[in-house]
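The values are calculated or read from the model by the stated rules, or taken from the named source; none is laboratory data. Quick caveat: nothing in here was measured; it's all calculated off a predicted structure. Heads up, the Cβs are rebuilt from the backbone with ideal geometry, glycines too, and the neighbour counts pull from every protein chain shown. All accessible areas refer to the heavy atoms of the entire protein, side chains included, with ligands and DNA or RNA removed. Shrake-Rupley method; radii C 1.70, N 1.55, O 1.52, S 1.80 Å.
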Amino acid sequence: MRLGSLELESNLFLSPLAGYTNLPFRLVLRELGGLGLATTDLVNARSLLEKRDKAFKLIETRPADQPLAVQLFGSVPEEMRDAAVFLQSTGIASVDINMGCPVRKVCKVGGGSAMMTELSRTASLVRMMVDAVKIPVTAKMRLGWDDRNITAPELACALEDVGVAAVFVHGRTREQGFGGTVNLEGIRAVVQAVKRIPVIGNGDITTPQAAKQMLEATGCAGISIGRGAFYDPWIFRRTRQYLADESAAERIAEPPFAERIRVMCRHFDLMIEVFGEDLGCRMFRKVAPWYAKRFGPASEFNRHVVRISTAAEFKQVLEGYIRWRQQFLDDKGELHPKFQPAPMVASFMQPAVAERQNIPVPKGPVEVW
Ligand SMILES: Cc1cc2nc3c(=O)[nH]c(=O)nc-3n(C[C@H](O)[C@H](O)[C@H](O)COP(=O)(O)O)c2cc1C
C-alpha cells in the first residue's frame, strides 16, 4: 500500500477519533499489529502555528508510534499550508485534511464538512498545501452534505487533480450523522471517479468479514477503522490475517477475557505515563467502558470505573469486577452462553441490517461527528 512516497505495511488505517486516538491508544494498537497508518485526533492548524500546548499534546509521538499522520482542520489556506510545513519538519509521515466534521463550530468557519460544498475553494487550499510539502497530503470526507448533495466523487477528482495522495471516505452524509447504513455504493462511486489515487473506505467496520465486504463491494484500496478499534483493538491484526487467508476465520476469533484485561491494563498504564495519574485516570473513565462492551456482564465494572482518580483505585475496581464476574462463568471458566456478548455485525452486512442497532457513539461534544 502506498500513499504517494510513503510505503505502508498494510492497507488498514486508524480513523481519527477526537478524544481517543491519542498516543497511548495508538501505541496499544501498534503493539497488537496489523495497522498500516495511525492518525492523531483532528488538530486546529492555527493552534499548532500558535504553539498552543493543547495542539502540541495532540501531536505528541514516539519512535514506536510510526508512521503517523496528523489530521488538520482549518479553512485559511496559508495557515493550513504553514501547519503542514511545520509537521513535515517534525518528521510526521503524512498530513490529512478534515473535510467531514459536521460540528457547527468547525463548519461555521469554512472547515470540516463545509469544505465539501465549496469545491474550487477547497481545491485551491489543498493545492497550496501539496505544493509546499514532500510528504503525502490526504483528505477525509463524507459522501456529501446530504442525500441531495453527494459531492464526494467530484471533490475526490478535484483533489486528485491538485495532488492529494489518497482520500478517505466515510460512507455517510453529514446529515446522516452516524445513523442509517453505511452506503457502499456511495464509496464505490468515489473509487470509480478517481483515476489513480487510492480511496480508503470507512464506516462501521467491526469485524474482519465486514472489512472484506467493503473492499470487495466498493473496490477501495484500503479500510479505515474507528469505533471498531474501541471494541476490538486486535481488529487490525485479525483483519490482516483474514484478508490473507480466509480459512483462518476460526483462528482469528476475538481474544479471550484475560487478553482483553491485559491490553486494557497496558492502555491504562500508558495513559498514566503520557498524561499523568490524575488526567490519565479521568480520561480513562470514558475509555474503559468500551473494553467492557465485550466482557459480558459488566454493569459492576462500569459503575465504578467511571469514578477512578488513581491507579490504585483502578486496580481495586478491576479486582472487584473479576471476582463479581465469576458468577457468570461455567466450570471451564468461560462465560455461560447466555451471557456472551452478541457477535458484532456491520450495518451493511446482510442479512442482519434491519435488526442491527447502531454502534454507539461516545457522549460529549464530538457525538455528532
Ligand atoms: C468520538 C468520535 C470522534 C471523531 N473524531 C473525528 C476527527 O477528529 N476527525 C475526523 O475526520 N473524523 C472523526 N470522527 C469520525 C471517524 O473518523 C469515522 O469517520 C467514523 O466514526 C466512522 O467510522 P467507524 O464506524 O469506523 O467509527 C470521529 C468519530 C467519533 C465517533
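Roughly how many nanometres apart are two label points built 7 Å out from the Cα toward the Cβ at LYS293 and GLU216?
In this crude label model, LYS293 to GLU216 measures out at 2.5 nm.
Between segment 262-278 and segment 1-21, what is the C-alpha centre distance in whole Å?
23
Round to a whole number: what % of the accessible area of the chain belongs to carbon and sulfur, probe 1.4 Å?
51
Exactly which GluC sites (Glu not before Pro) in segment 192-265 are in a DSSP loop and have at most 14 other Cβ atoms within 10 Å?
Passing both the DSSP loop test and the Cβ count: GLU250.
Taking the highest mean first, how do the peptides 131-137, 4-10 order by number of other beta carbon atoms within 10 angstrom per residue?
Order by mean packing, descending: 131-137, 4-10.
Would you please give the residues with an amide H less than 5 Å from that of THR39, counting only those at least 5 places away or on a separate chain, with H modeled from the backbone geometry?
When sequence neighbours closer than 5 places are left aside, the close amide H contacts are LEU14, ALA69.
Between LYS332 and GLU7, what is the FRET efficiency for a Förster distance of 51 Å, r being their Cβ-Cβ separation, to the nearest 0.05?
0.70
Specify the residue with the greatest mean-square fluctuation among GLN71, GLN327, GLN176, computed from a Gaussian network of the chain linking alpha-carbon atoms under 10 Å apart.
GLN327
Using each residue's phi in segment 116-127, evaluate 6.51 cos²θ - 1.76 cosθ + 1.60 at θ = phi - 60° and report the 3J(HN,Hα) Karplus result to the nearest Hz, with x for Gly and Pro.
6, 9, 10, 4, 6, 5, 5, 4, 6, 4, 5, 4
From a point 7 Å beyond the Cα of ALA64 in the direction of its Cβ, which residues of segment 1-31 have a backbone N at a distance under 18 Å?
Zone members listed by number: 21-31.
Check PHE168: other-chain or 5+ apart residues with amide H under 5 Å from its amide H, H built from backbone geometry?
ALA139, LYS140, MET141, ILE200
Through the Karplus equation 6.51 cos²θ - 1.76 cosθ + 1.60, θ set to phi - 60°, convert the phi angles of segment 339-344 into ³J(HN,Hα) values in whole Hz; use x for Gly and Pro.
Along segment 339-344, the couplings run 9, 6, x, 5, x, 6 Hz.
For segment 12-65, what is the accessible area per residue in Å², given a 1.4 Å probe and the full set of protein chains?
Per-residue accessible area for segment 12-65 comes out at 36 Å².
For segment 84-133 and segment 191-234, compute the distance between their C-alpha centroids and round to whole Å.
So the separation of the two Cα centres works out to 22 Å.
Looking at the square roots a ≥ b ≥ c of the eigenvalues of the Cα gyration tensor of segment 195-285, which shape do they give, rounded for a/c under 1.5, prolate if a/b is larger than b/c, or oblate?
Because a/c hits 1.5 or more and a/b fails to exceed b/c, segment 195-285 counts as oblate.
Any chance you could run the full-extension gain for ARG266 through TRP324? It's 0.36 nm times the residue separation minus the Cα-Cα distance, nm to one decimal.
Here the answer is 18.7 nm.
State whether segment 269-358 is rounded, prolate or oblate according to the following rule on the C-alpha gyration tensor (a ≥ b ≥ c being the square roots of its eigenvalues): a/c under 1.5 gives rounded; otherwise a/b larger than b/c gives prolate, and the remaining case gives oblate.
Cα axes put segment 269-358 in the oblate bin.
From a point 7 Å beyond the Cα of ALA312 in the direction of its Cβ, which residues of segment 271-290 have a backbone N at a distance under 19 Å?
So the set is 272-273, 276-282.
Can you give the relative contact order of the chain as a percent, counting alpha carbon pairs under 8 Å and 6+ residues apart?
Taking the mean separation of contacting Cα pairs over the length of the chain, I get 14 percent.
Quick one: of LYS293/LYS332; LYS293/LYS315; LYS54/LYS195; LYS286/LYS332; LYS108/LYS140; LYS51/LYS315, which pairs are farther than 28 Å apart, Cα to Cα?
LYS54/LYS195; LYS286/LYS332; LYS51/LYS315
Accessible area per residue for segment 122-236 in Å², computed with a 1.4 Å probe and the full protein assembly in place, what is it?
For segment 122-236, the per-residue accessible area is 32 Å².
Can you list residues from other chains, or at least 5 along the same chain, whose modelled amide H is less than 5 Å from the amide H of LEU72?
Excluding prolines and chain starts, which carry no amide H, the hits are VAL43, ASP96, ILE97, ASN98.
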